[in-house]
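The values are calculated or read from the model by the stated rules, or taken from the named source; none is laboratory data. Quick caveat: nothing in here was measured; it's all calculated off a predicted structure. A quick note on method: Cβ atoms are made from the backbone with ideal geometry, for glycine too, and the neighbour counts reach across all protein chains shown.
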Amino acid sequence: MTTLAAFEKLPTLNSATILLVGTNSVFQQQLAEAILKEKQDLKINIHLTTFLPLPTERDHIRPRIDLIVFIIDIQSKYSFKEIEASLLHVDANFFLGKVCFLTTGVGRMDQMSVDMNAVLKLADRYCSPVLFCELECEKIRIATAQRLIRMLQICSGHLPGVSALSFSTLMKNLNNDSSFMA
Amino acid sequence: MSPTITSPLTSSDDAKEQLIEECEEMWRVIEECQNKLALQETETLPDSDPKLPLLMKRLKTQTAEFNQWQKKEPGVITTNPEVLVTLGRDQLQKLDQELEMVLSSVQARNKNLKQNLLREQQWLEEHQRLIDDLNQIEEELSNEIVNLSEKRVFQELETKTLTVTACKDKMLTALGEFLEEHFPIPEKCETTRKKRRSEPEVQLTTLHEILENLIEKHVIAPHDPYITINASFWPPYVELLLRYGTALRHPEDPDRIRLENFDN
């Protein structure tokens, strides 16, 4: 079983890499486009995949990954299962702030097929923050892209004084305020 | 002036070289760190409950980070004054640009606010004028209402008087007609007899006229309402008035009669 390692490669100059994991490739594509549209000093590499582990044959040309975003479609049980399975292939060092869960489709509660508590519990188990969004809506997609870029800047160490771990600790505290753990 | 900046070209070249050297030194440190990190084996989390080991790991890392921050001393990126001056100028220029942007945006907002203020003031003025106008109209209307009510009362009274007068006239004519019809002057029926006996030198008064005289006297001189019976009064009519209780004879003078007192 191959694992995606956090520190096996040197960082590249003035660039950051984000990995989007999710089963809905349309959403991934749209989100990636939205991220690239944002004006940045940083060169952003976006890698898309439907599951982990990543194929080994092209590992040598892949840059170091700074942030893994797991996209959970709340309307599809399959996406949730895939992500649960993919999580097993992630190096523990990533969970020090370089992982986040993006839950989409929260706008239509009536069509939910994944329990919201299950998502929150999963995120809690892996000590990672959850973002809620609706990727079908363009405005929310842009806002989400901006949030992800901000997180990516922190995770790739481009913001002096803030580390991924301290940032994720802040985010986690926010999530813990919700009452689901009671 | 520091002695290093004698010739700008050489000094800037020197500065560049120095910077590159420093950068490479840093990169060497990073590579060293990376090598140490690469030795570390990738660590997979247990499938069942990753939370506890993960939390322990986070605690360790965070403690290490904390210690690092405690030990770390703020350092200057480079000691080369040329580089520092350029960097400082760059940052100042950037700041200047940003401040100019802020200024222009604030000015734009100010302008916008001024326009809004003007518009609001115009609205206010218009509303004030509207209120004034409305107040004036209200005042006029209330005055008119007073006038109207007085006028109306007058009109009503007038119409009432008119109807009453009309009614009275109608009644009078009706009474007059009745009297004329049922109590005519007894000339025609008696012409033959009267012509023979005695020529009536006086024109006889109608019952209507007698009654009118009686009423007039009664109204004009209530202290002495009697009228004297003269030759123009046809005796049967006088008798009729007395018999039916319309007129009364004077208790002492049989030639004078008055209207019965209908007041009670």
Item to check | Residue satisfying condition, being of a type in the set (Ser, Thr, Tyr) and touching a helix residue (DSSP H, G or I) at 6+ places or on another chain (Cβ under 8 Å), within set B:165, B:79, B:86 | outcome: B:86
Checklist outcome for this item: Being farther than 30 Å from residue A:165 by Cα and not aromatic (Phe, Trp, Tyr) narrows B:67, B:116 down to just B:116
Checklist entry - Can we say residue A:87 is among the aliphatic types (A, V, I, L, M) and without any contact (Cβ under 8 Å) to a residue 40 or more places away in the chain? => result yes
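Inspect region A:53-61 for any residue being of a type outside the set (S, T, N, Q), in contact with a strand residue (DSSP E or B) (Cβ under 7 Å, 6 or more places away or on another chain) and modelled with pLDDT under 85 and give the result as yes or no. Steps first, answer last, please.
So in region A:53-61, the residues of a type outside the set (S, T, N, Q) come out as A:53-55, A:57-61.
Pick out the ones that are also in contact with a strand residue (DSSP E or B) (Cβ under 7 Å, 6 or more places away or on another chain) and you get A:53-54.
From what is left, the residues that are modelled with pLDDT under 85 are A:53-54.
Within region A:53-61 (the criterion being of a type outside the set (S, T, N, Q), in contact with a strand residue (DSSP E or B) (Cβ under 7 Å, 6 or more places away or on another chain) and modelled with pLDDT under 85), the answer is yes, since at least one residue qualifies.
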Checklist entry - Counting only residues that are more than 7 Å from chain A (Cβ to nearest Cβ), closer than 16 Å to residue A:91 by Cβ and part of a helix (DSSP H, G or I), how many does region B:42-55 have? => result 1
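Inside region A:1-54, can you point out the residues that are more than 14 Å from chain B (Cβ to nearest Cβ) and basic (Lys, Arg)?
The initial filter retains those residues of region A:1-54 that are more than 14 Å from chain B (Cβ to nearest Cβ), namely A:15-40, A:42-51.
Residues satisfying the conditions are A:37, A:39, A:43.
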Item to check | Matching residues in region A:120-138 - criterion: being closer than 17 Å to residue A:82 by Cα and assigned to a helix (DSSP H, G or I) | outcome: A:120, A:121, A:122, A:123, A:125
Checklist outcome for this item: Those residues of region A:120-137 which are within 12 Å of the chain's Cα centre (by Cα) and away from chain B (no Cβ under 14 Å) amount to A:130, A:131, A:132
Next on the checklist: Can you tell me which residue is farthest from residue A:77 (Cα to Cα) among those in region A:104-119 that are of a type in the set (A, V, I, L, M) and crowded, with 18+ Cβ neighbours inside 10 Å?
Outcome noted: A:119
Checklist entry - Any residue at all in region B:71-79 that is surrounded by fewer than 11 Cβ atoms within 10 Å (Cβ to Cβ) and modelled with pLDDT of 90 or more? => result yes
Checklist entry - Just checking, how many residues over region A:62-90 are polar (S, T, N, Q) and either within 11 Å of the chain's Cα centre (by Cα) or within 14 Å of another protein chain (Cβ to nearest Cβ) (or both)? => result 1
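Considering only residues that are surrounded by 17 or more Cβ atoms within 10 Å (Cβ to Cβ) and among the aliphatic types (A, V, I, L, M), look in region B:205-223 and name the one that is modelled with the lowest pLDDT. Spell out how you get there, then give the answer.
Residues of region B:205-223 surrounded by 17 or more Cβ atoms within 10 Å (Cβ to Cβ): B:205-208, B:210-211, B:214, B:217-218.
Filter again for among the aliphatic types (A, V, I, L, M), leaving B:207, B:210-211, B:214.
Details: B:207: 80, B:210: 83, B:211: 83, B:214: 84.
Filtering region B:205-223 for residues that are surrounded by 17 or more Cβ atoms within 10 Å (Cβ to Cβ) and among the aliphatic types (A, V, I, L, M), the one modelled with the lowest pLDDT comes out as B:207.
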Next on the checklist: Here is a check on your reading of the model: is residue A:104 more than 23 Å from residue A:26 (Cβ to Cβ) and not basic (Lys, Arg)?
Outcome noted: no
Checklist entry - Of all residues in region A:91-119, which are within 13 Å of chain B (Cβ to nearest Cβ) and not in a loop (DSSP other than H, G, I, E, B)? => result A:92, A:93, A:94, A:95, A:99
Item to check | All positions within region B:66-109 that are farther than 28 Å from residue B:19 by Cα and of a type outside the set (S, T, N, Q) | outcome: B:66, B:99, B:100, B:101, B:102, B:103, B:106, B:108, B:109
Next on the checklist: Pairs please, first residue from region B:71-94 and within 14 Å of residue B:14 (Cα to Cα), second anywhere and loosely packed, with under 10 Cβ neighbours inside 10 Å and not small (Gly, Ala, Ser), Cβ atoms under 8 Å, 6+ apart in sequence or on different chains.
Outcome noted: B:84/B:76
